[in-house]
Every structure is written in structure tokens, then in C-alpha cells.
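Asker: Starting off with a structure, shown below.
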Amino acid sequence: QVTLKESGPGILQPSQTLSLTCSFSGFSLSTSGICVSWIRQPSGKGLEWLATICWEDSKGYNPSLKNRLTISKDTSNNQAFLKITSVDTADTAIYYCARSGITMMVLITFDYWGQGVMVTVSS
Amino acid sequence: DIQMTQSPSFLSASVGDRVTINCKASQNINRYLNWYQQKLGEAPKLLIYNANSLQTGIPSRFSGSGSGTDFTLTISSLQPEDVATYFCLQHNSWLTFGSGTKLEIK
């Protein structure tokens with residue numbers, strides 16, 4: 001059974017660095033074809049893809065945020081991470097992690113998601 | 001950037017109704033479109049991938065169609081447990097989402 005769970009600081013101040021952890025089970029980020037991504041949703045707004053890391057350590061970033069994002073993984077402990085530097089109130093959102101994987105030789109994007117974690121940026 | 005225009009934003013229908021939700025891409029995305037269901041407080045759930053493939057375990061009343069720029073999610077007979085927000089995702093070029101459709105029972 002595939003599960004993902006996000007964790008984060010809850011609240012932080014403008015200009016700080018946001019660190020998020022995605023802890024997962026039921027799959028390995030060392031398995032060919034597996035990727036983990038971060039997506040966020042500000043309150044009352046739509047979903048925005050942030051970053052993706054894959055089994056072979058390739059990474060992709062949303063161009064609009066690329067300079068502020070760093071995605072990484074710890075394969076041994078089944079975790080993926082996202083750091084966002086210089087946060088401001090616009091970064092207040094629910095942050096999700098999601099898996100992409102191969103089922104019956106078909107790559108399926110975002111086939112499993114975590115429940116999300118709320119992050120508030122406030123002074 | 002590929003923009004996804006989803007409609008309607010809000011939908012109220014009766015149990016047993018046929019319901020359709022649409023996503024329109026700003027350019028050709030072939031069949032690289034997924035549909036998701038999100039119930040309040042829960043993780044989004046994949047319903048349909050690559051425009052028309054039903055994810056394992058999803059009831060057959062859900063179906064997807066379309067290619068190129070126009071896509072439709074259909075619920076053939078609405079059930080009370082289908083109350084949720086539905087959204088689309090294009091994964092042809094980068095990744096962008098529709099704005100969501102909130103579905104309620106009339």
C-alpha cells in the first residue's frame with residue numbers, strides 16, 4: 001500500500017527558509033521510473049507544481065520559482081525534501097507531495113498523494 | 001506555459017444524474033491529462049490517467065475522454081459519495097492544473 005505524508009514547520013516568518021519532508025511507504029525512490037514531486041495550493045487558489053526528483057536523481061523545478069527551490073531525497077529512509085528560501089506571505093499554502101510511477105509499463109503522473117501540510121508565513 | 005481552463009467551477013446535480021466536467025488546454029497536450037477527486041480533508045485521488053484510462057479501483061461510472069485540447073470527465077450516475085472537488089492535470093509540457101470543480105448533490 002502506497003502512502004505519503006508531508007511534514008513541515010507549521011508557521012514561519014518572512015525571509016526564512018521553509019523545509020518540508022515527505023515520508024513515504026509502499027515504494028522506493030531507488031526503483032526505476034519512480035519520482036516524487038511537491039505541489040502547493042494557496043487558500044482559495046489553484047494547485048501549483050513546484051519540483052520533482054526521480055530515482056536516478058534527476059530534478060525539475062517550476063521555472064517561476066526555480067531560484068528559490070531545492071529538492072532532495074534520502075532513499076534509505078524513504079523521504080524526499082523541499083527547501084524554499086526567502087519565503088513571504090505568498091508562500092502560505094497547503095503543500096502536498098505526490099508520487100509518479102510505472103504501472104503495467106505505463107508511466108502515471110501523480111498516482112498517489114499525501115494529505116498535505118499547512119504552512120503559514122506570517123510576521 | 002500551458003494554461004488549463006476548467007469548467008464549471010461549481011456544479012449541483014441530483015443522485016443518478018449524468019455529470020460532465022471539462023478541461024480545455026491552451027495548446028495541444030495529446031492525451032497527457034489526468035483527472036483527480038479530492039474530498040474535504042483527504043488526499044487527492046487519481047481517477048483517470050492519460051485522458052481515458054481508469055485507475056485501478058475506481059468505479060466504472062467514472063470515465064474520461066478527449067485529446068488535443070478538449071477533455072471531459074463524466075460521472076455516468078452520480079452517487080452521494082461523489083461529492084468532492086475535481087481537477088485536471090496536464091503533463092505534456094511541464095505540469096499545470098485546472099482550477100477545480102466543486103460538485104455537490106442537489
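The values are calculated or read from the model by the stated rules, or taken from the named source; none is laboratory data. Please read all numbers here as calculations on a predicted model, not as lab measurements. Positions of Cβ are generated from backbone atoms using ideal geometry, with glycine treated the same way; all protein chains shown enter the neighbour counts. Heads up: the accessible areas ignore ligands, DNA and RNA and are worked out on the full protein's heavy atoms, side chains in. Shrake-Rupley method; radii C 1.70, N 1.55, O 1.52, S 1.80 Å.
Asker: Could you tell me whether A:SER28 is part of a strand (DSSP E or B), surrounded by fewer than 15 Cβ atoms within 10 Å (Cβ to Cβ) and hydroxyl-bearing (Ser, Thr, Tyr)? Outline the logic, then answer.
Answerer: Working: part of a strand (DSSP E or B): no; surrounded by fewer than 15 Cβ atoms within 10 Å (Cβ to Cβ): yes; hydroxyl-bearing (Ser, Thr, Tyr): yes.
Answer is no for this residue.
Asker: If you go through the stretch B:84-106, how many residues are under 18 Å from A:ASP111 (Cβ atoms) and of a type in the set (A, V, I, L, M)?
Answerer: Summing the residues that are under 18 Å from A:ASP111 (Cβ atoms) and of a type in the set (A, V, I, L, M) in the stretch B:84-106 gives 3.
Asker: Then there is this: Taking the stretch A:92-116 only, how many residues are within 18 Å of A:VAL2 (Cβ to Cβ) and in a strand (DSSP E or B)?
Answerer: 16
Asker: Which members of the stretch A:70-123 meet the condition of being touching a helix residue (DSSP H, G or I) at 6+ places or on another chain (Cβ under 8 Å) and more than 14 Å from A:ALA51 (Cβ to Cβ)? Don't jump to the end; show me each part of the working.
Answerer: So in the stretch A:70-123, the residues touching a helix residue (DSSP H, G or I) at 6+ places or on another chain (Cβ under 8 Å) come out as A:84-86, A:119, A:121-122.
Answer for the stretch A:70-123, where residues must be touching a helix residue (DSSP H, G or I) at 6+ places or on another chain (Cβ under 8 Å) and more than 14 Å from A:ALA51 (Cβ to Cβ): A:SER86, A:VAL119, A:VAL121, A:SER122.
Asker: Determine whether the stretch A:77-86 contains at least one residue that is surrounded by fewer than 21 Cβ atoms within 10 Å (Cβ to Cβ), of a type in the set (Gly, Ala, Ser), more than 10 Å from chain B (Cβ to nearest Cβ) and in a strand (DSSP E or B).
Answerer: Start the filter on the stretch A:77-86 by keeping residues that are surrounded by fewer than 21 Cβ atoms within 10 Å (Cβ to Cβ), which leaves A:77-79, A:81, A:83, A:85-86.
Checking which are of a type in the set (Gly, Ala, Ser) leaves us with A:86.
Filter once more, so that each one left must be more than 10 Å from chain B (Cβ to nearest Cβ): A:86.
Imposing the further condition that a residue be in a strand (DSSP E or B) reduces the set to none.
So far as the stretch A:77-86 goes, no, none of its residues is surrounded by fewer than 21 Cβ atoms within 10 Å (Cβ to Cβ), of a type in the set (Gly, Ala, Ser), more than 10 Å from chain B (Cβ to nearest Cβ) and in a strand (DSSP E or B).
Asker: Okay, moving on. I'm checking my understanding of the structure. Among residues of the stretch A:35-61 that are open to solvent by 30 Å² or more (accessible area, probe 1.4 Å) and of a type in the set (Gly, Ala, Ser), which one is modelled with the highest pLDDT?
Answerer: Per the stated criteria, the residue is A:SER58.
Asker: For the stretch B:5-24, how many residues are under 14 Å from B:LEU73 (Cα atoms) and either among the aliphatic types (A, V, I, L, M) or in contact with a Phe, Trp or Tyr (Cβ under 9 Å, 6 or more places away or on another chain) (or both)?
Answerer: 7
Asker: May I pose another question? If you scan the stretch A:34-76, which residues turn out to be over 19 Å from A:GLY114 (Cα atoms), of a type outside the set (Lys, Arg) and part of a strand (DSSP E or B)?
Answerer: A:GLY60, A:TYR61, A:LEU69, A:THR70
Asker: For the stretch B:80-106, name all the residues that are surrounded by 15 or more Cβ atoms within 10 Å (Cβ to Cβ) and in contact with a helix residue (DSSP H, G or I) (Cβ under 9 Å, 6 or more places away or on another chain).
Answerer: B:LEU103
Conditions tested, residue by residue: (1) among the aromatic types (Phe, Trp, Tyr); (2) farther than 17 Å from B:THR96 by Cβ; (3) within 14 Å of chain B (Cβ to nearest Cβ).
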| residue | (1), (2), (3) |
| --- | --- |
| A:THR21 | no, yes, no |
| A:LEU29 | no, yes, no |
| A:LYS59 | no, yes, yes |
| A:ASN62 | no, no, yes |
| A:ARG68 | no, yes, no |
| A:MET104 | no, yes, yes |
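Asker: Give the residues of the stretch B:1-21 that are among the polar types (S, T, N, Q) and within 12 Å of B:GLY100 (Cβ to Cβ), sorted by residue number.
Answerer: At the first step, the residues of the stretch B:1-21 found to be among the polar types (S, T, N, Q) are B:3, B:5-7, B:9, B:12, B:14, B:20.
Matches in the stretch B:1-21: B:THR5, B:GLN6, B:SER7, B:SER9.
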